[in-house]
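Structure first, then comments.
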Amino acid sequence: MIANAHQSEHVSLLSIRDISVQFGGLLALNAVNLDVNAGARYGILGPNGAGKTTLFNAISGFVDPSKGEIKLNSKKLDGLPSHERVLRGLSRTFQITTLFPELSVLENVLMAAQVDAGKHQVFWRAANSHKEVMQRVEAQLVDLNLSRLALSTVSALSYGEQRLLEIAVALASKPSVLLLDEPTAGLSAAEMRSVVDLILKLPQDLTIVLIEHDLDVVFDVSEELSVLHFGNMIAQGPASQIREDPLVREVYLGEA
Amino acid sequence: MRKLLVLLILTGLVLVACSGSAIEEAATVPEVEEVATEAVEEAAPTEEAAPTEEPMAEAVNVKIGVLNPQTGGLAAFGAEVDKGIQLYFESIDYAINDNLTIELTFADTAASPEQALEQARRLVEQEEVDFLLGIVSSSVAVPLAQYADEAQVPLVVTVAGGTPVITGPDRSPYVFRTSITTGQLEPILGWYTASELGYSTAVVLAPDFSAGHARAEAFTETFTAAGGEVVAEIFPPRGTTDYGPFIGQFNPDDVDVIYAYFFGSEAIAFVQQLNEFGVTPDKPVVSPGFLTEAEVLPAMGDAALGVISATHYAPVLDFPANADFVDLNSGAAPGTYLESGYLGAQVVAEAIAEVGGDFSDVQAFLDALAATDLASPSGPFGFDARGQSVRSLYIIQVVQDDDGNYTHEVLDVIENVSQDWSP
Amino acid sequence: MRFWIFQLLNGLTTGALLFFVASGLTVVFGLMRILNLSHGALFLLGGYVGLSVQHFTGNFFLAALAGAATSGLMGLLLQQTFTRTLLGSTFNQVLLTLGIAFILNNGMLAIWGGLPQKLKTPDFLSESISVFGVTYPSYRLFLIVLAFAAGLALWVFWERSTLGAVVRSCVDDREMAAAMGIRVDLVFASVFAIGASMAGLTGVLGGPVLGVYIGLDFEVLLLAVVVVVIGGIGSLNGAFVGSMMVGLIDTFGKASFPEISYFTLFAPVILILLLRPLGLFGRILPE
Amino acid sequence: MKRVLIVIAVGFLLAVLPFIVSGYWLGLITQAVILGGFAMGLDLLVGFARMPSIGHSTFFGLSGYGVALAVTRFDVAIWPAVGIGLLLSLIAALLFGPLAVRMRGLAFLTITLAFGQLTWGLTTRWSSFTNGENGIPGISRPSFLWDIETVVGYFYFTLLIAIAISIFIIIFAESPVGISLLGVRNSDTRMSALGYNIHSRRTIAFVVAAAVGAMYGILNVFYNKFIGPGSLSWQLSAQMLLSVVVGGPVSLWGPFLAGSGIVILKTMLIGTTQRWPMVLGLLYVVSVVFLPGGIASLLPKVRARFEKMFRGRVTE
């Protein structure tokens, strides 16, 4: 999949055409377009209520757009239930932590890893007896510095650790596109730094779409940006260009 | 602290509940066992007092397992039957002759076949009772008859009558029934309603369960055979509280008479609502005796006046044994459930006396039961060859006596009614 | 025609009684997220107390008052004693309130015996009157009118009064209400007690129609839970519409298709739930 | 593997019971094992997936009715009748399950109640076929490797099957599917975002619990040699639901213990006091106030092990 995307650089990996989402009388997204190339670090900027999470929900299948088209790797995703989009290579995190509070860190990651390994329909042998799954889980935990917490329950973790785990769980699905919904929200400056470092260290062939309202984080991580404002895409382009965009400055500095 | 409070309140609740049970004191288990053991203790000293007079018969203790519902929807009836059984044994001081004492062990069937089976096993296998007595619910009777047959323990059914099969051609030799079965009441009532009372069109109402259907069918059969016509059959579900929807299904002007089989709370609700909706007193009602039990009459009030029932027992029957029975019940009018318990106890006591309390030969006890011939509160009593009671049936009507109390008046008697009765 | 008017009135009577029981259940549930499975027992307790009071005083309204007061106090006692468990997990709530229902049920059996009884209708309502050519008991008509009046009064209280607004705000957002200085614990206790006393009152009001007997507690509970779920948790409007619907469906179902009356009652329930998992008027996900 | 070994060890321990206790007790314990096992299966639904069903006796009763009706109405031989009984329950579960799993919490409770009442209503009303509330007596036990007509024989038969089912449940609970049930219990969106089909996961929990119930339903009908509507009443469902809660959800052994304990306790209480429902209710209240985590929480070490299902084992 990823190799494919590299070959044909003109076709973007994730392509969104004219997506609109309507909640009753409120137009949460208005004919939004987005193209994300394979391997990109793409940022979506916007103040609270701009429709960023709604956009993610539409991509990952948690809300149905009233019109428009979403393609991953040139294949239409529209109408697919969210769990099937995961199998197509799409994985996301949530703004509000939605981990399994009663389970251990390891089990949380395992839950994701066993799906990608195709073992999630197995009911005749123990979940932890699949060597390849367990190896992957452990590798994932090592990657994110969570090994020492492997056996702690999630509810015992600090908020920062939970945010990290949130990313680890999303990564364990081995996605081609990772959607990160405000990964640094509510973190201290130091914690924020470590999350940004982590994102920067992720494999280059992994496509990342990041929602943020923190400017520093967005500009640190992403090369290309879109700016959402009240459901409208008001600017799109390379980070350097967006930084200078007068409209963005107005919206953003007004907000900040 | 809060938990302590919880505990205190809970204990309080239980105490309240226990002390509140004074109303049915006589029926509570501990009381019974006390009475029973007292009886044993009383019997013992008399033996010691006269040790040498004659070769002492060995002291025998007969254990009877009593299975009736003490909880659930039929609890009230179970309590009455239990009370009737106790009433009889108290009247003979839980003793037959000097050396033979009776011990009752009660268990709750909750009118559930599964629970009844479990409790029957406990009584027979753990408590080692000599035989079983009781059963109110027809649905409990069949599996229990099956158990009695397998375990070879005598079972005397005192109330459940909706299941003719347990005293049918394939009946177990271990099963007897002192109560009447469907064939001994409705056929007579159907025939009587058409031929003797002269009604020709009827609406039939009965609860929607097998006994209800069986009774309605039995009534319809002889009623139509005698020239009557059933215009409508209505089967409200069990546990119906509001009979409005069903009373609304027939036009009272279209029928001469209403046949209704309901009991307990359903009977009260039905009779009252029939009156509220203006159907009675204009239209006559005929029913099996359960509809106008002595116990429910006060709750029904005027609404029940004039209802004609066919019954195997009524408090007003003029027999010496009935006078004794009413006396034992402190003069209050006994209902048919109390009578069922009392009669059952009387029957088994006779048979126990006959075999001298010896249950090593169960067959002897069964033979003694089969040979029963006694003067019961409801008249002459015996069994047919299949263990089913043969007794009299009475046509009674609800009236108000001079003191304003609701009671019955006997209109007619049909004697020697067996399960194979035909007009 | 006679049949339809007759059954319509019957359905409304059942609906009226159900509404009184279900409204308390639904508000308590919406407000505190407590599914009180002892609600049916509180209903029956009111009925029995009313029965005794009527027996001794002969006064129906005194009976109604006593029934409502006893159940209200019992409800308050339960709420105060078991606050922590009640506000805990759903499972523990079910266990606790069902346990209490068993205790109360058996306690009432011990005190009042198993013999089914019935309250007498108050004298001035004991006559039947003719409505559209159908002879109908005036007491039942009184219940129907009372239910609509009470429904309206509750609605005005709920939507228009300050106190109603307080309760509603607690339903919508408990933390926010507390932050605004509302004594949430006080609101909880009083709503629970009022809900319980409404159940007790209904036990008395229903006494002349339904009777008073052991087992009625669970029958009423079953229907009330159905009403709450299809009406939508915490919604008074839902409780009213749900009660009338269940009352009418149950009545017409029993009258027209008695053999399958379980089907006629539960099949629409299943259908409504499948189409509207939150109930007709519900906004709260029943957890 | 360890937990499977524990089950087998407990099985062997129980196997000496016939040499110790009377026939009566053995019969009662057989009944206790049946309902305890049913509760253990229900734990997968109620405890793991946190779906409080108050209609699961439907499947317990339906399989029994299937056997009884096949034998008495259609003269089917007993072993094939067992197959018919299981199939009947399975079909019902596949019919009700996919609809019911769309509900959550109380709505799920109500819809399972509604399905249960429908089935109950059908069996009590269709008297000409099912014999109504009188039930069907006279069901004889099948022939097996040893004589299971005797109390001892049937106890061993029940024990053997209960061990087999328990081993299945334990293996299932630890499997990828099993732990995914722990995931759907409180985080629909997350599970969906991980690639799990929520409805199908919940249906699996529903059907597996139903299947376990159906198998114990078969054991029950042969134990009583009788089946009545009581076997699919909501009261039995409630008793099973309470067993899971009293036992401690997700522990599996807790619900088993509570389920069987309640059977024995109830039978003993009925023999002691007429006020047994009150005492039982009191025990429920006391247990929830003093042991909110259920019986399983009494043994903190064991609890820790079982609650955090895989924690200890993944590092082994």
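The values are calculated or read from the model by the stated rules, or taken from the named source; none is laboratory data. Note that the coordinates shown come from a computational prediction; the quantities given were computed from them, not determined experimentally. As a convention, Cβ positions derive from the backbone with ideal geometry for all residues, glycine included, and neighbour counts pool all protein chains shown. Accessible surface areas use protein heavy atoms only, side chains included; no ligands, DNA or RNA. Shrake-Rupley method; radii C 1.70, N 1.55, O 1.52, S 1.80 Å.
Here is how the numbers come out for the structure above:
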item	result
Surface accessible to a 1.4 Å probe, residue C:194 within the full protein complex, Å²	100 Å²
Chain D: C-alpha gyration tensor shape, a/c 1.5 cut-off, then a/b vs b/c	rounded
Debye, to nearest 20: dipole size of segment D:2-315, +1 on Lys, Arg Cβ, -1 on Asp, Glu Cβ	960 debye
Cα-centred dipole magnitude for chain B, charges only on beta-carbon of K, R (+1) and D, E (-1), debye, nearest 20	1560 debye
Restraint check, A:67/A:131; B:83/D:266; C:120/D:266; A:52/A:76; B:83/C:120, Cα-Cα greater than 32 Å	A:67/A:131; C:120/D:266
Sites residue D:298 and residue A:200 - FRET efficiency at Förster radius 41 Å, r taken between beta-carbons, to 0.05	0.25
Efficiency of FRET between residue A:64 and residue D:167 - r from beta-carbon atoms, R0 60 angstrom, step 0.05	0.85
Packing rank of B:136-146, D:265-275, A:48-58, where each peptide gets the mean count of other beta carbons within 10 Å, highest leading	B:136-146, A:48-58, D:265-275
Point-to-point label distance, residue C:125-residue B:409, nm (Cα→Cβ direction, 7 Å offset)	3.5 nm
Dipole of segment D:2-315, positive direction: furthest Cα of D:150, D:38, D:189, with charges on the beta-carbon	D:189
Residues of segment A:26-51 with amide N under 11 Å of a point placed 7 Å along Cα→Cβ from residue A:18	A:31-32
Only Lys, Arg (+1) and Asp, Glu (-1) charged, at Cβ; segment C:2-275 dipole about Cα centre in debye	120 debye
Chain C - percent of accessible surface contributed by carbon and sulfur, probe 1.4 Å	71 percent
Using alpha-carbon coordinates, inclination of helix A:105-116 to the longest axis of chain A, degrees	80 degrees
Within a Gaussian network of chain C (alpha carbon springs, distance under 10 Å), most fluctuating of C:199, C:69, C:224	C:69
Average beta-carbon neighbours from other chains, 10 Å sphere, peptide D:193-204	6
Gaussian network model of chain A, springs between alpha carbon atoms under 10 Å - residue of A:17, A:85, A:148 with greatest fluctuation	A:148
Computed FRET value (nearest 0.05) for residue D:22 with residue D:143, which takes r as the C-beta separation and R₀ as 22 Å	0.25
Label-point gap, in nm, between residue D:272 and residue B:151 - each point 7 angstrom along Cα→Cβ	2.1 nm
Protein heavy-atom accessible area occluded, A/D pair - total, 1.4 Å probe, Å²	3000 Å²
Among B:383, B:168, D:161 the positive-end extreme of the charge dipole of the protein assembly as shown (Cβ point charges)	D:161
Rg and Dmax of the protein assembly as shown, Cα atoms only, in Å	34.8, 126
Residue (of A:151, B:197, B:352) at the positive-pole extreme of the protein assembly as shown, dipole from beta-carbon charges	A:151
Solvent-accessible area of residue A:18 with every protein chain in place, 1.4 Å probe, in Å² to the nearest 10	80 Å²
Accessible-area value, residue D:204, 1.4 Å probe, nucleic acids and ligands omitted, Å²	50 Å²
Ranked order, D:200, A:222 - accessible area, probe 1.4 Å, largest first	D:200, A:222
Shielding by partners, peptide A:78-84 (average Cβ within 10 angstrom, other chains)	4
Residue mean of other protein chain beta carbons inside 10 Å, C:269-277	4
Fluctuation leader among D:126, D:79, D:234 - chain D, Gaussian network, Cα springs under 10 angstrom	D:126
Most to least packed among C:126-139, B:255-268 [average Cβ atoms within 10 Å]	B:255-268, C:126-139
In degrees, nearest ten, helix A:131-143 long axis to first principal axis of chain A (Cα)	50 degrees
Label point distance in nm, residue B:221-residue C:176, each placed 7 Å from Cα along Cα→Cβ	7.0 nm
Rounded to 5, percent antiparallel among DSSP beta bridges of chain A	55 percent
Within chain A, helix-based [θ] at 222 nm, where runs of 4 or more DSSP H residues each add -39,500 (n - 2.57), nearest 500	-11000 deg cm²/dmol
Spin-label proximity, residue C:190 to segment C:1-34 - amide N less than 14 Å from point 7 Å beyond Cα toward beta carbon	none
Using alpha-carbon coordinates, inclination of helix B:2-20 to the longest axis of chain B, degrees	80 degrees
Span-rule helices in chain C, defined as complete DSSP H runs reaching 18 Å or more along the axis (Cα) with Kyte mean at least 0.0	C:2-32, C:39-57, C:60-81, C:90-112, C:138-160, C:184-210, C:216-231, C:236-256, C:261-275
Directionally averaged projected area (convex hull, Cα atoms, segment C:63-169), nm²	10.9 nm²
Accessible heavy-atom area order of C:34, D:171, highest first, probe of 1.4 Å	D:171, C:34
Cα-based convex hull volume of chain B per residue, rounded to whole Å³	169 Å³
Mean residue ellipticity (222 nm) of chain B, computed from DSSP H runs ≥ 4 via -39,500 (n - 2.57), nearest 500	-12000 deg cm²/dmol
